[in-house]
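Accompanying notes for the structure given below.
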Amino acid sequence: MVVTVAGQVLTLGGVAILALLLSRFSRLELTLACVLCGFVAGQAVGWLDFDTGIRAHNLEEIVFYLILPVLIFEASWHIEPAVLHRWIIPVLLLATLGVLVNCGITAALVYLGVGHPGGFPWTAALITGAILAATDPVSVVNQLSAMQAPEDIKTLFEGESLFNDATAVVLFSVFLSLALEGGQAGAGALLLHFSVVFFGGVFAGAVAGTGAALLVSLLRSPQSTAFVMLFTAFGSFFVAEHLLHVSGIMAVMFAALVLRHRLQAEEQSLVAGTEFIWSWLGQVFTSLLFVLMGLVITLAMFRDMWLAMVIAIAAALLARAAAVVLCSLLTLPLSHRIKAGWQLLLFWGGLRGAIAVALVLALPIELDYWYTVQSMVFGVVLFSLLVQGTTNGLLIKRFA
């Protein structure tokens, strides 16, 4: 059993390394290279008679308990607290009202375009909307850094993505629970459930981050700091999700934010090397996630679901535009103004990536419409990588 699992993990890692090589020598975006290599590997396993060990029923636990904690903690750890504080109002608006608007418009358009009461109910559309509300700024932030864009626009991208990812994951969990329970909950019950899960996760994360900071100050070594951080990432998620039944994503996010804030007063030697460690972990887990996406993509998906993909792409773009414009208008009397050029960057640079892939891979196959939702999300993610990701640099040069 251990030998089999080790072989499967090494195989996935080998495909990810091939993607790194492809990205290095072809200048292809790493995530796109991972999808391509994963797709080729997925087609090859059939005639090689090799079992990858990937099953729809075990992807949910792999994604939620192994991959998401690392991605969320890594993103939270890299946020600069001082700059985030300056843009906290637009970030929170985009991550709350913006996510709700994004989710609602996407769900409505997808339901009208694809849905019918028997095979694609409202719960399916809401799940799709929640998944596509999550954005991934990694490639955009890398482009902003390479072009020496202001720190404010980078923090706006990272902060908005971090908080809206957390909100989108909580919405996804609520809608998924509704779907699995038969869709018999009222609006009041949904709101109460969302509030308990959301704010319960915030509280659990704040406690975990405070405890981790205390441990770091007691142990006082960079090696111990790295170990405590890794334990906090996985431990806060597990305790919140599995034991307290609140949002593990919110717990991880606030644990990282609280820990980062409290460690600012400590000696820099205690956090030496942590930036590199989390950047490395983020790249490893993001690469594996997109390799997994490539492995489960089939040619039949594009043949059978191309119209649903087109509808989802259009819905996601329209919903993102509406959310950015509305939140920017509401920000004007409250905080720093989001310039029109930055609004365009936020709209077109709101790529769907790792979190969206993670959520849709975790969708249970007991739901009749899981394949339709997965196809639509994959279509939007590929559009983000192939079209938005490759053209976004032109907008950054003009408006950043």
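Name the one entry in Leu244, Leu230 that is modelled with pLDDT of 90 or more and either under 20 Å from Leu192 (Cβ atoms) or of a type in the set (Val, Ile, Thr) (or both).
Numbers: Leu230 fails: either under 20 Å from Leu192 (Cβ atoms) or of a type in the set (Val, Ile, Thr) (or both).
Among Leu244, Leu230, only Leu244 is modelled with pLDDT of 90 or more and either under 20 Å from Leu192 (Cβ atoms) or of a type in the set (Val, Ile, Thr) (or both).
A quick yes/no check of all residues on (1) free of Cβ contacts under 8 Å to residues at least 24 places away in the same chain; (2) within 20 Å of the chain's Cα centre (by Cα); (3) surrounded by 17 or more Cβ atoms within 10 Å (Cβ to Cβ); (4) part of a helix (DSSP H, G or I):
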residue: Leu190; (1), (2), (3), (4): yes, no, no, yes
residue: Val196; (1), (2), (3), (4): no, no, no, yes
residue: Gly201; (1), (2), (3), (4): no, yes, yes, yes
residue: Thr210; (1), (2), (3), (4): no, no, no, yes
residue: Gln223; (1), (2), (3), (4): yes, no, no, yes
residue: Thr232; (1), (2), (3), (4): no, yes, yes, yes
residue: Ser236; (1), (2), (3), (4): no, yes, yes, yes
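Can you name every residue in region 238-252 that is within 17 Å of Ala95 (Cβ to Cβ) and in a helix (DSSP H, G or I)?
Of region 238-252, the ones within 17 Å of Ala95 (Cβ to Cβ) are 247, 249-252.
Of everything in region 238-252, those that are within 17 Å of Ala95 (Cβ to Cβ) and in a helix (DSSP H, G or I) turn out to be Ile249, Met250, Ala251, Val252.
Name the one entry in Val381, Val373, Val387 that is modelled with pLDDT of 85 or more, closer than 24 Å to Gly159 by Cβ and not charged (D, E, K, R). If you could, list the steps in order and put the result at the bottom.
Numbers: Val373 fails: closer than 24 Å to Gly159 by Cβ; Val387 fails: closer than 24 Å to Gly159 by Cβ.
None of the others qualify; the one that does is Val381.
Considering every residue within region 349-357, establish whether at least one is among the basic types (Lys, Arg) and either outside any helix (DSSP H, G or I) or under 21 Å from the mean Cα position of the chain (by Cα) (or both).
yes
Condition check: within 16 Å of the chain's Cα centre (by Cα), part of a helix (DSSP H, G or I) and among the β-branched types (Val, Ile, Thr). Does Val381 satisfy that? Explain how you work it out, then say what you get.
Working: within 16 Å of the chain's Cα centre (by Cα): yes; part of a helix (DSSP H, G or I): yes; among the β-branched types (Val, Ile, Thr): yes.
Answer is yes for this residue.
Within region 74-88, is even one residue modelled with pLDDT of 85 or more and of a type in the set (Ser, Thr, Tyr)?
Within region 74-88, not a single residue is modelled with pLDDT of 85 or more and of a type in the set (Ser, Thr, Tyr).
Would you check if Val310 is touching a residue at least 12 places away in the same chain (Cβ under 8 Å), in the same structural domain as Ile79 (by TED's automatic domain parsing) and over 16 Å from Val377 (Cα atoms)? Lay out the reasoning, then the answer.
Numbers: touching a residue at least 12 places away in the same chain (Cβ under 8 Å): yes; in the same structural domain as Ile79 (by TED's automatic domain parsing): yes; over 16 Å from Val377 (Cα atoms): no.
It is false that Val310 is touching a residue at least 12 places away in the same chain (Cβ under 8 Å), in the same structural domain as Ile79 (by TED's automatic domain parsing) and over 16 Å from Val377 (Cα atoms).
Go through region 246-281 and report how many residues are surrounded by fewer than 20 Cβ atoms within 10 Å (Cβ to Cβ) and under 16 Å from the mean Cα position of the chain (by Cα).
Within region 246-281, residues that are surrounded by fewer than 20 Cβ atoms within 10 Å (Cβ to Cβ) and under 16 Å from the mean Cα position of the chain (by Cα) number 2.
Just the residues that are out of contact with any Gly (no Cβ under 9 Å at 6 or more places or on another chain) and aromatic (Phe, Trp, Tyr), please, taken from region 304-362.
Trp342, Phe347, Trp348
Kindly list the number of the only condition in (1) closer than 19 Å to Gly294 by Cβ; (2) touching a helix residue (DSSP H, G or I) at 6+ places or on another chain (Cβ under 6 Å); (3) part of a helix (DSSP H, G or I); (4) at pLDDT below 80 that fails for Trp47.
(2)
Keeping to region 272-323, report how many residues are over 16 Å from Arg352 (Cβ atoms) and among the β-branched types (Val, Ile, Thr).
Within region 272-323, residues that are over 16 Å from Arg352 (Cβ atoms) and among the β-branched types (Val, Ile, Thr) number 6.
Which residues, counting only those in region 69-126, are within 18 Å of the chain's Cα centre (by Cα) and not in a helix (DSSP H, G or I)?
Answer for region 69-126, where residues must be within 18 Å of the chain's Cα centre (by Cα) and not in a helix (DSSP H, G or I): His78, Ile79, Thr96.
Looking only at region 130-141, which residues are at pLDDT below 70 and either closer than 19 Å to Val101 by Cα or assigned to a helix (DSSP H, G or I) (or both)? Quick ask: steps written out before the conclusion?
Of region 130-141, the ones at pLDDT below 70 are 137-139, 141.
Listed by number, the residues that qualify are Val138, Ser139, Val141.
Listed here are the residues, each with its yes/no results for (1) at pLDDT 85 or above; (2) of a type in the set (Asp, Glu); (3) not assigned by TED's automatic domain parsing to the domain that holds Val324.
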residue: Ala149; (1), (2), (3): no, no, no
residue: Leu156; (1), (2), (3): no, no, no
residue: Ser173; (1), (2), (3): yes, no, no
residue: Glu181; (1), (2), (3): no, yes, no
residue: Ala212; (1), (2), (3): yes, no, no
residue: Val216; (1), (2), (3): yes, no, no
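Could you run through region 356-400 and say how many residues are in contact with a Ser or Thr (Cβ under 8 Å, 6 or more places away or on another chain) and among the β-branched types (Val, Ile, Thr)?
Of the residues in that region, 2 qualify.
Does region 270-312 hold any residues that are modelled with pLDDT of 85 or more and acidic (Asp, Glu), and which are they?
Across region 270-312, the qualifying residue is only Asp304.
What is the residue count in region 390-400 for residues that are farther than 14 Å from Phe347 by Cβ and under 20 Å from the mean Cα position of the chain (by Cα)?
Counting residues in region 390-400 that are farther than 14 Å from Phe347 by Cβ and under 20 Å from the mean Cα position of the chain (by Cα) gives 1.
The values are calculated or read from the model by the stated rules, or taken from the named source; none is laboratory data. In this text, all values refer to a predicted model and were calculated from it rather than measured experimentally. Glycine also receives a Cβ, built like all others from the backbone with ideal geometry; neighbour counts cover every protein chain displayed.
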